[in-house]
Amino acid sequence: MPRNIKIDGLLTKGKAMILACDQGFEHGPGDFNATNIDMEYVMDLALEGHYSAIAIQAGMAKAYYGLHYKDVPLIVKLNAKAGLPDPDPWSRQHTSVAYAAKLGAAAVGYTLYHGSRNENPQFVELGRIVEEAHEYGLPVVVWNYPRGSLVKDELGTDEIAYGARIAQELGADMIKLKYNGDKEGFKWILKCAGRAKVVISGGKREDERHFLQKLWEVMDAGAAGIAVGRNAWQHPKPFAFTRAMKDVIFEGKSADEAMKRLQGQ
């Protein structure tokens, strides 16, 4: 019988602030500089910044997730694709649930592109992963993006909501998706996600005030939190920015209040 799946291991006070660093595979080394290309730099940020979890590929987990970092719950990504253009992407599974469990994973992650002409085999793959992960007692985090030749608008509220519903019906315990700035539409997206926790994608580096305002909006709408990567470990003051995000996520502070923390006021 499947074990009782608890998502609490990825949450802090019921909310989530996940540090993601799978961009090296997905986008190439151009996202990094001489400092943050060192995975220990990112792992130190996850540990000392008290992130709810860190999401990385299996190779990085094997090389870096040792005793020193065990206090940070680990999400092992089970699939990835290179950053080459593809009108109909399919990020195929490359790591087994069993191996992720051996690495000490608290959860596994999978990227799903609905709207791709290759979506049906992805549905089958994710469905099987959910069954296997739940047998191990591991929750499944789905990176869900509408992307492919059948998608009219990757940031359309209807498209994002559809993806959230697909992920939830396939058994996702947490769904990572993009926020398009439509707060009322986001409330509908959350309803479509059912009981799955929803975190937004941090995306590319952007203006801190704008980023924190978006974070406040989704938290106010009922999101569980964020899975952030480049906006954190590319930031010149990553710990200060981490504290600012915490103010919004866990303390309910406004973007302006969080900016004061970031600016040392």
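The values are calculated or read from the model by the stated rules, or taken from the named source; none is laboratory data. None of the values given here were measured: they were computed from a predicted structure. For neighbour counting, all protein chains shown are included, and Cβ atoms are generated from backbone atoms with ideal geometry for every residue, glycine included.
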K178, sole failed condition from (1) surrounded by fewer than 23 Cβ atoms within 10 Å (Cβ to Cβ); (2) over 13 Å from the mean Cα position of the chain (by Cα): (2)
Complete set of residues in the stretch 135-166 that are surrounded by fewer than 19 Cβ atoms within 10 Å (Cβ to Cβ) and within 21 Å of D8 (Cα to Cα): E135, Y136, G137
Residue in the stretch 220-233 that is within 26 Å of F32 (Cβ to Cβ), in contact with an Asp or Glu (Cβ under 9 Å, 6 or more places away or on another chain), part of a helix (DSSP H, G or I) and among the charged types (D, E, K, R) present: yes
Selected residue (criterion: surrounded by the fewest Cβ atoms within 10 Å (Cβ to Cβ)) from residues of the stretch 233-258 that are closer than 21 Å to A223 by Cβ and of a type in the set (G, A, S): G252
Residue ID - nearest to I189 (Cα to Cα), chosen from residues in the stretch 202-219 that are assigned to a helix (DSSP H, G or I) and out of contact with any Phe, Trp or Tyr (no Cβ under 8 Å at 6 or more places or on another chain): M219
Out of G28, G24, G59, G49, sole residue that is out of contact with any strand residue (DSSP E or B) (no Cβ under 7 Å at 6 or more places or on another chain) and on the phi > 0 side of the Ramachandran plot: G28
Residue within the stretch 47-65 that is over 17 Å from A105 (Cα atoms), surrounded by 19 or more Cβ atoms within 10 Å (Cβ to Cβ) and touching a residue at least 12 places away in the same chain (Cβ under 8 Å) present: yes
Positions within the stretch 229-265 being in contact with a Phe, Trp or Tyr (Cβ under 7 Å, 6 or more places away or on another chain), at pLDDT 95 or above and over 22 Å from G30 (Cα atoms), in sequence order: V248, S254, A255
Of the criteria (1) of a type outside the set (S, T, Y); (2) free of Cβ contacts under 8 Å to residues at least 40 places away in the same chain; (3) more than 17 Å from L19 (Cα to Cα); (4) part of a helix (DSSP H, G or I), which one A240 fails: (3)
Boolean, R261 is within 24 Å of V42 (Cβ to Cβ), surrounded by fewer than 22 Cβ atoms within 10 Å (Cβ to Cβ) and in contact with a Gly (Cβ under 8 Å, 6 or more places away or on another chain): no
Test for F186: is it more than 21 Å from A227 (Cβ to Cβ) and either part of a helix (DSSP H, G or I) or touching a strand residue (DSSP E or B) at 6+ places or on another chain (Cβ under 7 Å) (or both): no
Of the criteria (1) at pLDDT 95 or above; (2) under 23 Å from N79 (Cβ atoms); (3) within 19 Å of the chain's Cα centre (by Cα), which one I7 fails: (1)
